[in-house]
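Step one of this worksheet: look at the structure below.
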There are 2 protein chains.
Amino acid sequence: MKWSKSFIQTFREDPADAESISHKLMVRAGLVRQLQAGVYTFLPLGSRALQKIANVVRAEMNAAGAIELLMPVMHPAELWQETGRFDGYGDAMCKFKDRKGHVNVLGPTHEEVVTDIVRNANLSYRNLPVNLYQIQVKFRDEARPRFGVVRTREFIMKDAYSFDTDFDGLNKSYQLMYDAYLRIFTRCGLKARPVEADTGLIGGDVSHEFMVLVPAGEDRVLTCTKCAYAANIEKAEVKSSGGLPADRDTTELRVREKKETPGKRTVEEVAQFLGVSPRDIVKTLIYKTDKGPLAVLVRGDHEVNEPKLARFAKAAKLEMASPEYIQEVTGGPIGFSGPIGLRARVLADHGVAPLLNFVVGANVRDLHWVNVNLNRDFKPEAFADLRLAVEGDPCPRCGGPIQFSIGVEVGHVFKLGTKYSEKMHCEYLDPEQKRKPMIMGCYGIGVTRIMATAIESHFDKDGIIWPKEIAPFQVELVTLVGKETKVAEIGEQVYAELTKAGLEVLWDDRDQAPGVKFKDADLLGLPIRVTIGKRSIEAGTADVRRRNNAEQTSVPIGDVVKAVQEQWNAYVV
Amino acid sequence: MKWSKSFIQTFREDPADAESISHKLMVRAGLVRQLQAGVYTFLPLGSRALQKIANVVRAEMNAAGAIELLMPVMHPAELWQETGRFDGYGDAMCKFKDRKGHVNVLGPTHEEVVTDIVRNANLSYRNLPVNLYQIQVKFRDEARPRFGVVRTREFIMKDAYSFDTDFDGLNKSYQLMYDAYLRIFTRCGLKARPVEADTGLIGGDVSHEFMVLVPAGEDRVLTCTKCAYAANIEKAEVKSSGGLPADRDTTELRVREKKETPGKRTVEEVAQFLGVSPRDIVKTLIYKTDKGPLAVLVRGDHEVNEPKLARFAKAAKLEMASPEYIQEVTGGPIGFSGPIGLRARVLADHGVAPLLNFVVGANVRDLHWVNVNLNRDFKPEAFADLRLAVEGDPCPRCGGPIQFSIGVEVGHVFKLGTKYSEKMHCEYLDPEQKRKPMIMGCYGIGVTRIMATAIESHFDKDGIIWPKEIAPFQVELVTLVGKETKVAEIGEQVYAELTKAGLEVLWDDRDQAPGVKFKDADLLGLPIRVTIGKRSIEAGTADVRRRNNAEQTSVPIGDVVKAVQEQWNAYVV
């Protein structure tokens, strides 16, 4: 394609709102353009890269035996009500009323629709397993779209759904996808690390996220430096001795007393005021759940892990209480909650169990209890692993040291089990002609997100360095024209030869200074660059180089195709 | 692909709600499944055909120099307010409020978005022309979805938008698309006839629809049997001498009088009651427009053409008046409106001009005027071509006989001119550095609709006969297994050889009776069928045939690939 006809625009300046490298480079290189918050157009170069990524995904999904279909964007609300997720999704779900007054959901994911299709297919055990996938636009009304196309409100996802007769089958289907995902990410230039993950709104028992450890992420990932353990912080277990230590020295227990703590609400303020360490304070957090109020105790220097808490408390809905609700439950204002005399269910994190003579709120404004002790002063319903892991925690598997990183989730696989098939009666006939619920898995890849993450993983100060399989073009041909029309002629000839050889070429045929063209070529970051100028054609040569190797080779004009093919074979990104 | 792993289901019975052949066959052959009214899943076979169609469209668009991008589904309402189309689209537009309260439109078409992208690209005359296209899902909340995937609420469209510096350029861009469209439809097995069309909500001066003349259509198309004239009935001109005939014999005018017509509202009722022909009655239709009430007179046996009327009256909005509004405007009830003494703008169709002593409503319940005459009793503001063409009308170009047909619109091209570029300030810099509005065209193809129309064009009593380029698979391999495991072995071998030769094969490997398999093969309608059974392998042969030719050829097993390739080359649909 000729640049002059290509509708490619590049920019020298970073966009004002861009926080991440990929966002900056994608806008500057003319891959995407924002239409509104979290909604992007994929411009010609971006659209080409997107199709390359989709082709990689499709090839590996087909190779793994999955079958492609295309499900609609518009779902009747009734389907989502069947599984109870119509309410569960909350504000992140985009909905509209059609002209007949029916509520439609813009699919944020397709478990309901695919389960509806499969339950109507009257399958028997002979037809299973089956794994159905699509590449389709999805909608999630994110509260805070970020990092360009990393977190958007409209995005393209590959989603697959497997249906098996039993859990052994599910395990096989899951492993097939797990392996296919690793191949897909490798082919797209990503080092994706599978980590244990929380199953969230999708549900099921087991899930893995595929994380690319780049700064443009919002996920915190823990990896053990000794063993293979890796987990999203939402899922990461914290190793604990469990419960009240049997060898607690009760002779140490001091007399509990009330202390004025005027205006001191935060752990830091209270610790400083009372002259204790945050580790000696126990925070009491009040949650509103579908099962009533819930108080959670964690050490002052720890944070509650809400997914863990929701799982342990078996709460379908769980949210931080408002100041009003706290007042209603504890009788006191926010910042002074405590477990003593509290009329609510109280759970405590394991980290609280070994503490002696600690501080808690007194459920009265400006008052805290000091020298509080477990069992003597109050007794939680249970101790459990309810907190986020912190730096210094040992690996829950091997006890080794844990590393914290920031990552972008590019894929997520789930063992759903019968969560959807039971609620929606998605059944198969077994050999005895009995109806049984299918055992499901689901598997998602963020197709648009792969592009951002690939760029986040491969760039230098001058621009993008495209992974080989997903580059929008393989070759950029740069002609330095000036007043020399001969250069354009030879350029035309080389362009035709490269194209004839099956190479995808972007020809920068613009009337621009060499500096501008080279800067743009670096910014666009296509794998191979061929340069033809006045000097080179006088010598009868063209210059060929790879984007990630400054070394330039002069080759006779007649050998350009061969040289490009060699450089292409040598290009490893 | 093996049928047993393919998630293909076929049905013997037509779906209850299906009115059209393509709808019946697409459901029965397992191409699509309805999720809700006007919203379909493309099942594995349908999804494959869809991709084939998209590939044809993409190839021809690229060959015509158009550049692919991908625009979002979610548009901010503000963009649509800029062009005034936010209200214009009415109930057919799907909209939703996001979590921040902003109204979003689900793109029914993308003129606003593409114009926004191009105006922000700072183009000069050197960068033009440019033609941008996408293949993207679209949403139109049709009041009456019909004919399977012919008229749906969610569908896939290829839409392209050209930007030129002048009208000569637009004419060239338009012709490029017009020619590309003819190639696309031919490759997809469609006989698409370009017809002059109304520009409707898209706007502009000139447009052509590409019509496939099959029964599953809602468009009425006129074609001249003598010259090249062809038009959608909405656009079709009616030839007319124009205005009041100069040679009117005014000695014939009879005395006007009121006649009681109790309960007679329709033309037929009044004509029968008064003993006149419907041609002697002039209907007075009341419209509500953005410029106030409008009365239109047409002969009793004619119908108003509303697009023509809106254009002539320069009305941005025009709708049939409600009974209440008619009462308000005429003073009388619906069914008795007439032009005499009417306080509204009155336009008359040319067909009214030659009439003498005709009948009109008296704007009073149960009363009509008879022996009414133009000029003497009332005078319309203007005569114009305001009616639908009818059988028997001569061709407006050559006067030859006109044929009426039913068609499905598979494509539509528009010369938009500056309708969007002026409102949205989409400008380019001319050689004198002056800013000028771009001259636009837009070009749409219904990708999902092509599939239905292709089937509507190619089928027999047993099922689909796929056009060559868009068939989901090229070959169906049928093995008749029974107790003979040797057949399965040879099947496996032939399947591998065909696949290795680059052919796309669906292997019906199911444990089903031959009759079932043959019926399904006919229903699916893949171009080439290879049959291997006990008898044939005893003879060391397989049977090869084309879907549209019952003649079967027995070939040695070793020659199957060659025979299939020959049959494929001979397959012309």
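Of all the listed residues (A:Asp520, A:Asp460), the sole one being closer than 30 Å to A:Phe147 by Cα, modelled with pLDDT of 95 or more and surrounded by fewer than 14 Cβ atoms within 10 Å (Cβ to Cβ) is A:Asp460.
Considering the conditions (1) of a type in the set (Ser, Thr, Tyr); (2) buried (at least 20 other Cβ atoms within 10 Å of the Cβ); (3) touching a Gly at 6+ places or on another chain (Cβ under 9 Å), B:Ser277 is excluded by exactly one of them, (2). Kindly list, by first and then second residue, each pair from a residue in the range B:414-436 that is farther than 11 Å from B:Thr165 by Cβ to a residue that is loosely packed, with under 15 Cβ neighbours inside 10 Å, limited to pairs with Cβ atoms under 7 Å and residues at least 6 apart or on different chains. Filtered contacts from the range B:414-436: B:Lys415/B:Asp205; B:Gly417/B:Asp205.
Matching residues to (1) more than 10 Å from chain B (Cβ to nearest Cβ); (2) touching a helix residue (DSSP H, G or I) at 6+ places or on another chain (Cβ under 7 Å); (3) within 17 Å of A:Glu78 (Cβ to Cβ):
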residue: A:Met93; (1), (2), (3): no, no, yes
residue: A:Lys97; (1), (2), (3): no, no, yes
residue: A:Tyr125; (1), (2), (3): yes, no, no
residue: A:Leu132; (1), (2), (3): no, yes, no
residue: A:Phe147; (1), (2), (3): yes, yes, no
residue: A:Glu154; (1), (2), (3): no, no, no
residue: A:Asp159; (1), (2), (3): yes, no, no
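When the residues of the range B:125-148 are filtered to those that are among the polar types (S, T, N, Q) and modelled with pLDDT of 95 or more, the one that is surrounded by the fewest Cβ atoms within 10 Å (Cβ to Cβ) is B:Gln136. Kindly evaluate A:Phe163 against the criterion of being under 21 Å from A:Cys426 (Cβ atoms) and more than 11 Å from every other protein chain (Cβ to nearest Cβ). When the stated conditions are applied, A:Phe163 does not pass them.
Assess whether A:Glu566 counts as being at pLDDT 95 or above, over 22 Å from A:Trp466 (Cβ atoms) and surrounded by fewer than 19 Cβ atoms within 10 Å (Cβ to Cβ). Considered against the rule, which asks whether it is at pLDDT 95 or above, over 22 Å from A:Trp466 (Cβ atoms) and surrounded by fewer than 19 Cβ atoms within 10 Å (Cβ to Cβ), A:Glu566 comes out as no.
State all residues of the range B:54-63 that are surrounded by 21 or more Cβ atoms within 10 Å (Cβ to Cβ) and either in contact with a strand residue (DSSP E or B) (Cβ under 9 Å, 6 or more places away or on another chain) or modelled with pLDDT under 95 (or both); if no residue qualifies, say none. If the condition is that a residue be surrounded by 21 or more Cβ atoms within 10 Å (Cβ to Cβ) and either in contact with a strand residue (DSSP E or B) (Cβ under 9 Å, 6 or more places away or on another chain) or modelled with pLDDT under 95 (or both), then B:Val57, B:Met61 are the ones that fit.
Is it true that B:Arg48 is under 30 Å from B:Phe11 (Cβ atoms), within 11 Å of chain A (Cβ to nearest Cβ) and among the basic types (Lys, Arg)? Judged against the criteria, B:Arg48 is a match.
Listed here are the residues, each with its yes/no results for (1) among the aliphatic types (A, V, I, L, M); (2) part of a strand (DSSP E or B); (3) in contact with an Asp or Glu (Cβ under 6 Å, 6 or more places away or on another chain); (4) farther than 30 Å from A:Phe473 by Cβ.
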{"position": "B:Ser4", "(1), (2), (3), (4)": "no, no, yes, yes"}
{"position": "B:Phe7", "(1), (2), (3), (4)": "no, no, no, yes"}
{"position": "B:Phe11", "(1), (2), (3), (4)": "no, no, no, yes"}
{"position": "B:Arg48", "(1), (2), (3), (4)": "no, no, no, no"}
{"position": "B:Asn55", "(1), (2), (3), (4)": "no, no, no, no"}
{"position": "B:Gln81", "(1), (2), (3), (4)": "no, no, no, yes"}
{"position": "B:Asp87", "(1), (2), (3), (4)": "no, no, no, yes"}
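If you check A:Ile184, A:Ile202, A:Ile233 for being in the same structural domain as A:Gly65 (by TED's automatic domain parsing) and of a type in the set (Val, Ile, Thr), only one passes: A:Ile184. Over 27 Å from the mean Cα position of the chain (by Cα), touching a residue at least 12 places away in the same chain (Cβ under 8 Å) and farther than 30 Å from B:Lys434 by Cα: does that describe B:Val103? It is true that B:Val103 is over 27 Å from the mean Cα position of the chain (by Cα), touching a residue at least 12 places away in the same chain (Cβ under 8 Å) and farther than 30 Å from B:Lys434 by Cα.
Does the range B:198-214 contain at least one residue that is without any contact (Cβ under 8 Å) to a residue 40 or more places away in the chain and either part of a loop (DSSP other than H, G, I, E, B) or buried (at least 17 other Cβ atoms within 10 Å of the Cβ) (or both)? Looking for residues that are without any contact (Cβ under 8 Å) to a residue 40 or more places away in the chain and either part of a loop (DSSP other than H, G, I, E, B) or buried (at least 17 other Cβ atoms within 10 Å of the Cβ) (or both), one finds none in the range B:198-214, hence no. If you go through the range B:376-410 one residue at a time, how many are closer than 24 Å to B:Phe312 by Cα, touching a helix residue (DSSP H, G or I) at 6+ places or on another chain (Cβ under 9 Å) and surrounded by fewer than 17 Cβ atoms within 10 Å (Cβ to Cβ)? Residues flagged as closer than 24 Å to B:Phe312 by Cα, touching a helix residue (DSSP H, G or I) at 6+ places or on another chain (Cβ under 9 Å) and surrounded by fewer than 17 Cβ atoms within 10 Å (Cβ to Cβ) within the range B:376-410 amount to 1. Would it be correct to say that A:Leu69 is away from every other protein chain (no Cβ under 12 Å) and buried (at least 20 other Cβ atoms within 10 Å of the Cβ)? No, not satisfied. The sole residue among B:Ser20, B:Ser6 that is facing chain A (nearest Cβ under 8 Å), surrounded by 17 or more Cβ atoms within 10 Å (Cβ to Cβ) and either touching a Cys at 6+ places or on another chain (Cβ under 7 Å) or modelled with pLDDT under 95 (or both) is B:Ser6. When residues in the range B:343-390 are screened for being within 28 Å of B:Glu237 (Cβ to Cβ), free of Cβ contacts under 8 Å to residues at least 60 places away in the same chain and not in a strand (DSSP E or B), 3 of them pass. Of all residues in the range A:55-66, those satisfying the criterion of being in contact (Cβ under 8 Å) with a residue 60 or more places away in the chain and within 11 Å of chain B (Cβ to nearest Cβ) are A:Arg58, A:Gly65, A:Ala66. From the list B:Thr115, B:Thr41, pick out the single residue that is β-branched (Val, Ile, Thr), facing another protein chain (nearest Cβ under 8 Å) and either surrounded by 22 or more Cβ atoms within 10 Å (Cβ to Cβ) or not in a helix (DSSP H, G or I) (or both). From the options B:Thr115, B:Thr41, the qualifying one is B:Thr41. Among the residues of the range A:305-327, are any closer than 22 Å to A:Asn373 by Cβ and modelled with pLDDT of 95 or more? Taking every residue of the range A:305-327 in turn, none turns out to be closer than 22 Å to A:Asn373 by Cβ and modelled with pLDDT of 95 or more.
Checking the structure you have, find out if any residue of the range B:58-76 is basic (Lys, Arg), within 19 Å of B:Ile184 (Cβ to Cβ), assigned by TED's automatic domain parsing to the domain that holds B:Gly30 and not in a strand (DSSP E or B). So far as the range B:58-76 goes, yes, one or more of its residues are basic (Lys, Arg), within 19 Å of B:Ile184 (Cβ to Cβ), assigned by TED's automatic domain parsing to the domain that holds B:Gly30 and not in a strand (DSSP E or B).
Applying the criterion of being surrounded by fewer than 24 Cβ atoms within 10 Å (Cβ to Cβ) and touching a Pro at 6+ places or on another chain (Cβ under 9 Å) to the residues of the range B:28-38, the residue that is farthest from the other protein chains (Cβ to nearest Cβ) is B:Arg28.
Please enumerate the residues belonging to the range A:101-112 that are within 10 Å of chain B (Cβ to nearest Cβ), buried (at least 22 other Cβ atoms within 10 Å of the Cβ) and in a loop (DSSP other than H, G, I, E, B). A:His110, the sole residue that qualifies.
The values are calculated or read from the model by the stated rules, or taken from the named source; none is laboratory data. No experiment lies behind these values; they were computed from the predicted model shown. Neighbour counts are summed over all protein chains in view; Cβ atoms, including those assigned to glycine, are modelled from backbone coordinates with ideal geometry.
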